[in-house]
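Report on the structure given below.
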Amino acid sequence: MGPRTVVEKTLGILALLSMMAGSYVGLRVVPADAAQGNVQRLMYVHGPAAWLAFLCFFIVFVMSVLYLIQRDERWDRVAASSAEIGVVFTVLTLLLGMMWGKATWGVFWTWDPRLTTTAILLAIYVGYGALRSFAEDEEKRARWSAIVGVIGFVNVPIVYMSVTWWRTLHQPPSSPRSVAPDILWTLMLNLAAFTLVFAYLMVRRIRLAKLEGELERRMAYNA
Amino acid sequence: MNKSKKIWAGLGVLAIAGGIAMLIAGGLSSNVVYFLTPSELRAELAERADEIVDQPLRLGGQVKPGSLTWDAEALDLRFVVADSLGEVPVRSTGAPPAMFKEGIGVVVEGRYTHEGVFESKNLMVKHSNEYEPPHGEKPEQMYESLIKSDG
């Protein structure tokens with residue numbers, strides 16, 4: 001897809017440096033939680049991964065609404081890119097959460113409302129991706145996936161609120177009042193690092209989507 | 001689109017619709033009960049013991065302080081799961097998760113037997129959303145001292 005643009009290069013370097021800083025502080029500087037020990041450090045990657053997944057699907061939602069109103073293929077490309085990256089972050093959230101769960105809860109998985117709704121979240125956006133890959137007509141693909149992008153987003157607040165609404169094994173969301181300042185700042189640093197990684201992936205994926213679109217049109221023209 | 005692709009696309013849409021339907025039918029209603037509390041289990045037993053006894057279910061509550069016994073040779077673990085209104089004795093085999101101790105929240109999967117004991121097949125430990133370094137002040141106290149040092 002050609003050499004990286006200046007924006008891509010800058011974001012890539014910033015993402016790499018901030019991830020290194022976040023990992024160093026998270027693993028070596030900040031003391032671990034008294035009750036859980038070192039395994040609590042998984043919080044610094046599990047939490048940010050989950051937040052970024054939510055952000056990705058929120059972007060899919062906004063872009064899908066915009067597409068349905070304006071029918072501009074640019075919105076469709078951003079939505080598709082964001083959904084794909086959101087799936088990556090959701091898988092990461094689940095895998096890191098399973099490791100953390102095994103060490104603290106004693107099990108990798110249980111069908112509590114938080115874990116169940118998160119599994120459904122993954123299914124929705126994997127389904128979104130499947131739908132895209134099987135629809136050949138560009139306009140139909142964009143329209144169908146925009147509809148899924150809007151309806152599917154309903155689940156995001158449900159995942160977030162699941163630990164408040166229902167009994168779960170998963171703990172409720174952390175807040176500045178429930179987290180010691182050192183641990184909170186480390187979490188914020190890693191959230192910033194993850195956001196930069198997301199931004200880097202996003203600009204690359206959107207450019208790739210644009211190139212894919214051009215290729216599709218050229219192939220259609222030649223055929 | 002050829003036929004097989006159409007089928008796959010249809011399946012994809014069905015999966016999404018199914019997921020959302022599950023959410024609306026099960027998830028959005030208020031009666032999603034992941035575990036019963038000890039007092040709820042007691043009430044259920046009083047009401048319809050024959051439907052509850054020996055059926056798989058989850059029980060969640062606090063490990064009552066002072067109730068824990070552990071036979072390391074037989075790997076036999078006994079404790080009482082309690083809430084403010086009720087208690088249920090639990091028997092579990094095998095080593096518990098590392099964080100297990102008296103006073104902590106647990107969810108146990110198993111059956112309430114005719115002997116009046118909950119036989120646990122799976123013992124899970126809850127942890128809180130509070131995080132603090134060892135021997136540190138509570139976060140609330142840290143904020144208070146921060147505010148005070150500012151003033």
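The values are calculated or read from the model by the stated rules, or taken from the named source; none is laboratory data. For clarity, every value in this text was computed on a predicted model and none was experimentally measured. Don't worry about glycine lacking a Cβ; one is built from the backbone with ideal geometry, like all the others, and counts go over all protein chains shown.
Structure notes:
- Here the stretch A:158-185 is the region considered, the condition is being part of a helix (DSSP H, G or I), under 26 Å from A:VAL126 (Cα atoms) and in contact with a Phe, Trp or Tyr (Cβ under 9 Å, 6 or more places away or on another chain), and the residue that is nearest to the other protein chains (Cβ to nearest Cβ) is A:ILE158.
- Selection status of A:LEU42, under 26 Å from A:LEU208 (Cβ atoms) and assigned to a helix (DSSP H, G or I): no
- Subset of the stretch A:78-99 (residues that are buried (at least 21 other Cβ atoms within 10 Å of the Cβ) and within 14 Å of chain B (Cβ to nearest Cβ)): A:ALA83, A:THR90, A:GLY97
- Evaluating A:GLY37 against the criteria (1) surrounded by fewer than 17 Cβ atoms within 10 Å (Cβ to Cβ); (2) closer than 14 Å to A:ILE183 by Cβ; (3) at pLDDT 95 or above leaves one unmet condition, (3).
- Residue that is surrounded by the fewest Cβ atoms within 10 Å (Cβ to Cβ) [pool: residues in the stretch B:64-97 that are among the acidic types (Asp, Glu) and in a strand (DSSP E or B)]: B:ASP71
- Some residue of the stretch A:140-148 being buried (at least 21 other Cβ atoms within 10 Å of the Cβ), at the interface with chain B (Cβ under 8 Å from one of its Cβ atoms) and within 20 Å of B:PHE35 (Cβ to Cβ): no
- Sole exception among (1) free of Cβ contacts under 8 Å to residues at least 24 places away in the same chain; (2) more than 14 Å from every other protein chain (Cβ to nearest Cβ) for A:ALA32, by number: (2)
- Cross-chain or 6+ apart pairs with Cβ under 7 Å, the stretch B:5-19 first and at pLDDT below 70, then crowded, with 16+ Cβ neighbours inside 10 Å and not in a helix (DSSP H, G or I): B:ALA9/A:ALA135
- Flag for B:PRO56 being within 23 Å of A:TRP100 (Cα to Cα) and either within 14 Å of another protein chain (Cβ to nearest Cβ) or crowded, with 17+ Cβ neighbours inside 10 Å (or both): no
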